[in-house]
Structure formats: C-alpha cells, structure tokens
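Notes follow the structure.
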Amino acid sequence: MEIAALGIDVGSTTVKMVAVNRAGALVWDYLEPVAPRVSRQVDDFLAKLGAKIGSLAEIPLVATGYGRNLVQQARQSKTEISCHAHGVFQELGHGGTLIDIGGQDSKVIVIGARGRILDFAMNDKCAAGTGRFLENSAARMQIPVAEMGAVALTATEEFTITSTCTVFAESEIISLLAQGVAVEPILMGLHRALVKRVAAMVRSVGLVPPLLLSGGVVKNPAIRKVIADETGEEVFVPTHPQLMGALGAALFALKLAD
Ligand code: ADP
C-alpha cells in the first residue's frame, strides 16, 4: 500500500483518519468515537497504520474538524469548511451546494465550478438539525441509529413532529408512543423535522444545484430521501460520505509531501 499523505478529522462525535496515495486516492481509513484524550487517540491511530506499513515519519498529516487544534502530531490544521469542500469536490468532480450533517453540527457550503468556496453557513449551536436529534430518540424507540432510516421508509403515513427543540421532541415522542401511535410514522416525522432545519439553512445561503451530501447522518436513506423531497433536487452522495473532511485534510497534506 503506497501512502503519500494523511488527514484526520476530529469531529464532535467521531474521529476519522484517511490515507491517500500520490494520486490523491483514498487507500486506508479508520473511524472511532471521539475519546476524551484526542492526542493519545491519534497516537493509537498512527500506531495502527504504522503496524501495517512501517515508518510514518516522512508522511505529512493535516488535521481538521471541531477538535483539530488538539492534534499535536499534525503539520497543519485546516477548517472543516475547506476540507469538506475539497474532499467532496475531488470525489464527485463538480461543484454545487454541499450539505454536511454530522453528529452535533451541520453545514451548507456552496462550491464553485473549480472547487472554490463561494459561501457557507454552519449550525453548531442547536442539536435539532444534527445527528444528535435522531440519536436522542433512537434509545427511546429502541431502534439502532443505523437502522432508523430503513424503518422510517416503511411508513405508510407520517406523523408531524411539532417541537423544533431536541429535548421537547423527545417528550413529544414519549407522549405519542403512550397514545399508541406506531413507531414508523413518528420516525418519518422525526427525519422530516431534522431535514426542515437543515433546509432552512440551505435557503438562507441560496441553493446552487446540484445538491451534494456528506457527513455520517446522510448514510441514513430516509434523510437522503427527505432532503430530495424538501428541496426538489436530486442528491449526489460520495461513496464514503463520513470521510470527506478527513479526505480533504489528506489532500491538503499531499501538497506538503516531498
Ligand atoms: P462529526 O464529524 O460531527 O463527528 P460524523 O460526520 O462522523 O459527525 O457523523 C456522526 C453521526 O452520523 C452520528 O450522529 C451517527 O449517528 C450518524 N451515523 C453514522 N453512521 C450512520 C449510519 N450508518 N446510519 C445513520 N446514521 C449514521
């Protein structure tokens, strides 16, 4: 395995590391929930890769994400906005409006035809438009987060969730379940409530098609479908949506190689 550069994305929920070859193709990746001591966690990631390929001494590492400044091993740090845009532009090969939905934040980035960032908006203050919104309810509904989307898509009707706050939405679900409302329509309503928050952010920036998606939450098929519904746009998703920030960081690191 030829490795020319490394990128790490320390997100609000997960840490992702990606290795690229000289051509910028993704050749290795690793993902874990964020640990309390990020620097030690990065050492563990590097040791895992080192055990596979030998010395990493000359291979540049760039860090991004919420906790990027905690990565002492990195040669540089870059913003999440620039890394997500860079990663998605390389993977999909064109610009557009990128929606990234992570565990505790969401962003909208307008990417120009040559990959330049034209505009962006970010929400890291409110859990409602993020993965946290679904995670809170997953436990309550006893459905794993990774299965929520598939279950929601089996719904034949949809129950509107009126609370925009994560905490109140959870109370609303408890009360709906107590009234005997089925899980599927509630789940579909939850997905729509999350997407409506993100769609409002898209409108505030202005949607320039095509619509591109990244972040762990867009692995959920119901989220992808409801985004397409709410925006009226076809959605384009890279093969590894959760790794786009780390890939962008690795591509910046590639520029530091040699
Ligand atoms: P961050 O960069 O903010 O740490 P990520 O982009 O890694 O966030 O996304 C984490 C979120 O993605 C979590 O809320 C998690 O529940 C969700 N997620 C991860 N994998 C899946 C999956 N297979 N299906 C649905 N949601 C997922």
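The values are calculated or read from the model by the stated rules, or taken from the named source; none is laboratory data. Because the structure is a prediction, the values reported are computed rather than measured. As a convention, Cβ positions derive from the backbone with ideal geometry for all residues, glycine included, and neighbour counts pool all protein chains shown. Note: accessible area is taken over every heavy atom of the protein model, side chains too, but ligands, DNA and RNA are not part of it. Shrake-Rupley method; radii C 1.70, N 1.55, O 1.52, S 1.80 Å.
Taking only segment 110-134 into account, find how many residues are in a loop (DSSP other than H, G, I, E, B) and surrounded by 24 or more Cβ atoms within 10 Å (Cβ to Cβ).
Total satisfying the criteria: 1.
Tell me, yes or no, whether segment 206-220 has at least one residue that is within 14 Å of PHE133 (Cβ to Cβ), within 16 Å of the ligand (Cβ to nearest atom) and free of Cβ contacts under 8 Å to residues at least 40 places away in the same chain.
No, the conditions are met nowhere in segment 206-220.
Each row is one residue, and each column tells you yes or no for (1) under 22 Å from PHE89 (Cα atoms); (2) over 14 Å from the mean Cα position of the chain (by Cα).
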position: ALA4; (1), (2): yes, yes
position: LYS16; (1), (2): yes, no
position: PRO33; (1), (2): no, no
position: VAL38; (1), (2): no, yes
position: GLN41; (1), (2): no, yes
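Taking the criterion of being in contact (Cβ under 8 Å) with a residue 40 or more places away in the chain and either assigned to a helix (DSSP H, G or I) or farther than 22 Å from CYS126 by Cα (or both), would at least one residue in segment 98-109 satisfy it?
no
Got a sec? Which of ALA178, ALA152 is touching a Pro at 6+ places or on another chain (Cβ under 9 Å) and either closer than 22 Å to CYS126 by Cα or not hydroxyl-bearing (Ser, Thr, Tyr) (or both)?
Residue meeting the stated conditions: ALA152.
State whether the residues of segment 192-200 include one that is outside any helix (DSSP H, G or I), modelled with pLDDT under 95 and either of a type in the set (Gly, Ala, Ser) or touching a Lys or Arg at 6+ places or on another chain (Cβ under 6 Å) (or both).
No: segment 192-200 contains no residue that is outside any helix (DSSP H, G or I), modelled with pLDDT under 95 and either of a type in the set (Gly, Ala, Ser) or touching a Lys or Arg at 6+ places or on another chain (Cβ under 6 Å) (or both).
Which residues, taken from segment 43-61, are open to solvent by less than 50 Å² (accessible area, probe 1.4 Å), assigned to a helix (DSSP H, G or I) and small (Gly, Ala, Ser)?
Once the filter is applied, which keeps residues that are open to solvent by less than 50 Å² (accessible area, probe 1.4 Å), assigned to a helix (DSSP H, G or I) and small (Gly, Ala, Ser), segment 43-61 yields only GLY50.
Among the residues of segment 62-98 satisfying the criterion of being among the charged types (D, E, K, R) and closer than 15 Å to SER12 by Cα, which is least open to solvent (accessible area, probe 1.4 Å)?
Ranking the candidates gives GLU80 first.
Do we have ALA249 as open to solvent by less than 30 Å² (accessible area, probe 1.4 Å), within 15 Å of the ligand (Cβ to nearest atom) and either polar (S, T, N, Q) or farther than 30 Å from ALA25 by Cβ (or both) here?
Here the answer is no, as ALA249 does not meet what is asked.
Among the residues of segment 20-38, which ones are of a type in the set (D, E, K, R) and assigned to a strand (DSSP E or B)? Let's see the steps before the verdict.
Residues of segment 20-38 of a type in the set (D, E, K, R): 22, 29, 32, 37.
Listed by number, the residues that qualify are ASP29, GLU32.
Looking only at segment 110-141, filter to residues that are among the aliphatic types (A, V, I, L, M), within 15 Å of the ligand (Cβ to nearest atom) and touching a residue at least 12 places away in the same chain (Cβ under 8 Å); which one of those is farthest from ARG197 (Cα to Cα)?
Checked segment 110-141; the qualifying residue farthest from ARG197 (Cα to Cα) is MET141.
Matching residues to (1) away from the ligand (no atom under 13 Å from the Cβ); (2) touching a Leu at 6+ places or on another chain (Cβ under 7 Å); (3) of a type outside the set (A, V, I, L, M, F, W, C):
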| residue | (1), (2), (3) |
| --- | --- |
| LEU31 | no, no, no |
| ALA57 | yes, no, no |
| GLN72 | yes, no, yes |
| GLY102 | no, no, yes |
| SER106 | no, no, yes |
